[in-house]
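Colleague: Mind having a look at this structure? Questions to follow.
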Amino acid sequence: MSDDSHVPLKPPRRRLTGGGSRGRWRDGFRAVAVAAAVVTTLAGCAAAGSTGSGPLTIGMSLPLTGAAADVAKAGYEGYQLWAAQVNAAGGLLGRQVKLDVLDDGFDPNQTGTDYTRLISQDKVDLLLGTFSSLLNAPASAIAARQQMLYVEPSGGAASLFDRGFTNLFFAQPGTTETLPDLFLAWLGALPADQRPKTAAYLTQDDPSASPAIAVFKTKLRALGVTQVYDQTYDPSTSNFDSIAASVAQSAPEMIIQGAVTSDGAQFVRSLEKLNFSPRILFQTKSPSDGAYPGAVGPKNTEGVFTSQAWNAKATYPGNSEFVSAYTKMFGSAPSEDAANSYTAGQVLGAAVKAVGRIDQKALAAWLHANTVDTIVGPLKWDGRGDPIGLGLLSQWQNGTLQVVAPKSAATSTTVVNPKPGWANG
């Protein structure tokens with residue numbers, strides 16, 4: 001997800017009344033994107049047989065408006081599905097789950113304000129995280145100050161886990177520090193005469209993408225790969241023609257891009273104009289976006305590598321059921337962001353069930369000491385809340401994004417190398 005802080009101002013949303021899922025928009029702008037609250041009560045909140053003093057409220061602030069609204073919508077739906085399934089199974093601790101959701105407009109200042117409100121005014125029982133390192137940084141700091149458990153669905157920047165927090169947990173298999181590892185293992189296993197000799201690097205100025213590309217540069221240098229181009233671009237960049245021309249002039253055999261959303265596809269389109277195609281292309285995040293094939297041309301996805309926290313075809317327990325349930329509930333297949341938020345819910349729910357009470361310190365201690373089975377595989381954390389593990393290395397093959405590593409999750413036993421040239425028309 002993009003960590004772009006240059007977000008156009010949007011009209012704030014009113015809190016929804018009752019348990020409905022619709023509300024009116026009201027006009028008006030402020031100096032920053034201002035969020036009003038959206039309270040969503042899932043159906044069945046008063047199911048017979050539940051115990052406790054009313055619903056168990058879980059608070060979160062999401063960028064439902066602003067530059068990241070489309071991605072946040074999918075993430076919110078992942079949370080909704082998880083809560084609906086929990087409630088259908090009797091709730092947590094015998095209480096039905098209610099989601100208290102605020103909209104921060106993708107403004108980190110508003111995110112901090114929202115989580116303060118959720119804790120001090122709404123007095124939620126539990127918290128779940130938001131999207132991107134940019135927003136999770138202030139939210140997790142507030143949660144730590146208030147000594148509340150904080151499980152985040154995204155936001156893998158290494159800096160988030162260097163602040164001494166013991167209540168922060170990242171609900172993905174790896175962070176930016178480990179993102180390159182599976183790709184580098186594959187590359188390093190190639191015979192020396194088949195490895196690329198030169199590489200071009202470019203990355204969005206993003207707290208998740210930039211550190212990952214820095215790791216790529218360091219480790220590829222150790223493999224004898226010479227850097228011939230290096231560029232960091234502003235998150236607002238939409239025309240990559242000049243950058244692509246400079247990359248093509250440097251003639252790299254391999255390109256590594258720290259892409260976040262549409263910037264990956266936009267860069268590829270600029271390369272297509274020049275008819276410059278590297279032997280190997282790795283892009284973070286962007287190739288797993290549902291709009292990527294249509295943006296670059298379906299045939300031009302062939303051979304493109306990316307990293308994923310989740311893949312719809314992965315064989316981890318519960319994953320296929322998640323895909324089916326999400327598709328039935330929302331009318332389309334889930335995105336990785338939907339899966340990440342669902343996973344965060346799984347982690348939180350597992351801790352609450354195991355501890356048997358709402359005790360923030362006990363919940364965090366249980367997660368530090370245990371492994372949780374999720375749709376992205378078993379998750380375990382170190383003392384910082386950093387996951388101990390790796391994500392997935394995926395590659396576009398014949399119009400499908402296939403997992404090629406690790407072997408335990410692979411959906412394809414082959415790797416396309418070299419990447420074919422761009423298809424015309």
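The values are calculated or read from the model by the stated rules, or taken from the named source; none is laboratory data. Keep in mind the model is a prediction, meaning the values are calculated, not measured. As a convention, Cβ positions derive from the backbone with ideal geometry for all residues, glycine included, and neighbour counts pool all protein chains shown. Quick note on the areas: whole protein, heavy atoms, side chains included, nothing else; ligands and nucleic acids left out. Shrake-Rupley method; radii C 1.70, N 1.55, O 1.52, S 1.80 Å.
Colleague: From Cα coordinates alone, what are the radius of gyration and Dmax values for region 163-220 in angstrom?
Modeller: Calculated on Cα positions, Rg and Dmax stand at 14.4, 47 Å.
Colleague: On average over all directions, what projected area in square nanometres does region 202-343 have, based on the convex hull of its Cα atoms?
Modeller: Quarter of the Cα hull surface area: 9.6 nm².
Colleague: Just the accessible area per residue of the chain, please: how many Å² with a 1.4 Å probe?
Modeller: Per-residue value: 40 Å².
Colleague: Another one. Compute the relative contact order of the chain as a whole-number percentage, counting only Cα pairs closer than 8 Å that sit 6 or more residues apart in sequence.
Modeller: 17
Colleague: Whenever you get a sec, compute what percent of the accessible area on region 277-359 sits on carbon and sulfur atoms (1.4 Å probe).
Modeller: 54
Colleague: Quick one: which of 314-320, 399-405 comes out on top by average Cβ neighbours within 10 Å, and what's the full order, highest first?
Modeller: Per-residue Cβ counts within 10 Å, averaged per peptide and sorted highest first, yield 399-405, 314-320.
Colleague: Then there is this: Just to confirm the filter: which trypsin sites (Lys or Arg not before Pro) across region 330-423 are DSSP coil and have at most 12 other Cβ within 10 angstrom of their Cβ?
Modeller: Loop-located and lightly packed - Arg357.
Colleague: Taking the C-alpha atoms of region 172-259, how large are the radius of gyration and the largest Cα-Cα span, Dmax, in Å?
Modeller: Every Cα atom of region 172-259 included, Rg and Dmax give 13.3, 40 Å.
Colleague: My understanding is that a pair violates if its Cα-Cα distance is over 21 Å; which of Lys217/Lys407; Lys217/Lys285; Lys98/Lys313; Lys197/Lys219; Lys123/Lys328 do that in this structure?
Modeller: Over 21 Å Cα-Cα: Lys217/Lys407; Lys98/Lys313; Lys123/Lys328.
Colleague: Then there is this: Compute the semi-axes of the equivalent ellipsoid of region 316-425, taking the square root of 5 times each eigenvalue of the Cα gyration tensor, and list them largest first in whole Å.
Modeller: Value: 34, 18, 11 Å, ordered largest first.
Colleague: A further question on this structure: How large is Rg over Rh for region 52-193, taking Rg from the Cα atoms and Rh as the Kirkwood inverse mean of 1/r across Cα pairs?
Modeller: Using Cα coordinates only, the ratio equals 1.06.
Colleague: Let me ask you something else. With only alpha-carbon pairs counted, each pair once and no self-pairs, how large is the Kirkwood hydrodynamic radius of the chain in angstroms?
Modeller: 22.1
Colleague: Viscosity 1.306 mPa s, temperature 10 °C: give me the Stokes-Einstein translational D for region 93-170 in µm²/s, with Rh taken as the Kirkwood radius over C-alpha pairs.
Modeller: 125
Colleague: Leaving out ligands, DNA and RNA, what percent of the accessible area of region 71-210 is carbon and sulfur, probe 1.4 Å?
Modeller: 52
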